[in-house]
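In what follows, a structure is listed as structure tokens, so that the remarks can point back to it.
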Amino acid sequence: SRALIGLQKTITMNLMNLFCIVPMVVGSFLSTHGADAFAFPTSTIAKTCTFSTMLHAAPAKNVHILHTEEDVTSAVHQIVESAAQEAISSRGHFALAIPGGSVLKVLSSLNPSSDWVSKTTLAFVNHKCVPVDDVKSAIEAQARTKFLDRWGLTDIISLGGTSDGAKEAAEYEEKMRATPETKLPR
């Protein structure tokens, strides 16, 4: 049906976001793909609101088609758990960057199987210019409610929560750059 196709497209797009973002910030994937797998913006977002980001299409052998929401959820759980364990065993720390939307729903049912959460830094890949405690609009508030508080994850690169987009972008970029590379690989 059209609803199912729409759901599959949404899941696929969110998975594409996750597959593009998680490997970029997890040291174990960066060591495999090299630092050029993701190029940071060449100029401050707040000044130009444009990126010179280079994303490369995944080889077809790395694209996985999953048929149900449960299959996607299970796959994402396995990917996050595996990436966390690999990063911690190789670097001592795991970095995870998340968007909002259905990724929050998928992560809300994850019950970490080990203590990787205590060795994790979390960043957000998008944000609306709303107060960070606004559960209806702010990704951070939604993530805290759905899973972060339950997980006990406290090493979070938080946003300011103002309505000034340029200021938020500049301050968030500064916070990310100030985070040691041992916690947030470049």
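The values are calculated or read from the model by the stated rules, or taken from the named source; none is laboratory data. Since the structure is predicted, the reported quantities are computational estimates derived from the model, not experimental observations. Using ideal geometry, Cβ is built from the backbone for each residue, glycine included, and neighbour counts are taken over all protein chains shown. When the accessible area is computed, the model is the full protein with side chains, heavy atoms only, and any ligands, DNA or RNA have been set aside. Shrake-Rupley method; radii C 1.70, N 1.55, O 1.52, S 1.80 Å.
Selection of region 171-184 for residues being surrounded by 15 or more Cβ atoms within 10 Å (Cβ to Cβ) and part of a loop (DSSP other than H, G, I, E, B) yields 179, 183, 184.
A residue that is over 23 Å from residue 86 (Cβ atoms) and assigned to a helix (DSSP H, G or I) can be found somewhere in region 131-140. For region 104-125, a residue qualifies if it is at pLDDT below 95 and among the aromatic types (Phe, Trp, Tyr), and exactly one does: 124. In the set (1) touching a residue at least 60 places away in the same chain (Cβ under 8 Å); (2) within 30 Å of residue 78 (Cβ to Cβ), the condition left unmet by residue 107 is number (1).
Would you point out the residue of region 93-130, among those that are among the hydrophobic types (A, V, I, L, M, F, W, C) and in a loop (DSSP other than H, G, I, E, B), that is nearest to the chain's Cα centre (by Cα)? Here the residue is 125.
Taking region 121-147 as the range and being open to solvent by 10 Å² or more (accessible area, probe 1.4 Å), of a type in the set (S, T, N, Q) and in contact (Cβ under 8 Å) with a residue 24 or more places away in the chain as the test, the residues that pass are 126, 142.
For region 77-98, filtering for residues that are buried (at least 17 other Cβ atoms within 10 Å of the Cβ) and of a type outside the set (D, E, K, R) leaves 13.
The residue of region 131-161 that is nearest to residue 173 (Cα to Cα), among those that are out of contact with any Gly (no Cβ under 8 Å at 6 or more places or on another chain) and of a type in the set (Val, Ile, Thr), is 157. Entry remark, region 161-170: residues being within 15 Å of residue 131 (Cβ to Cβ) and crowded, with 16+ Cβ neighbours inside 10 Å number 2 in total.
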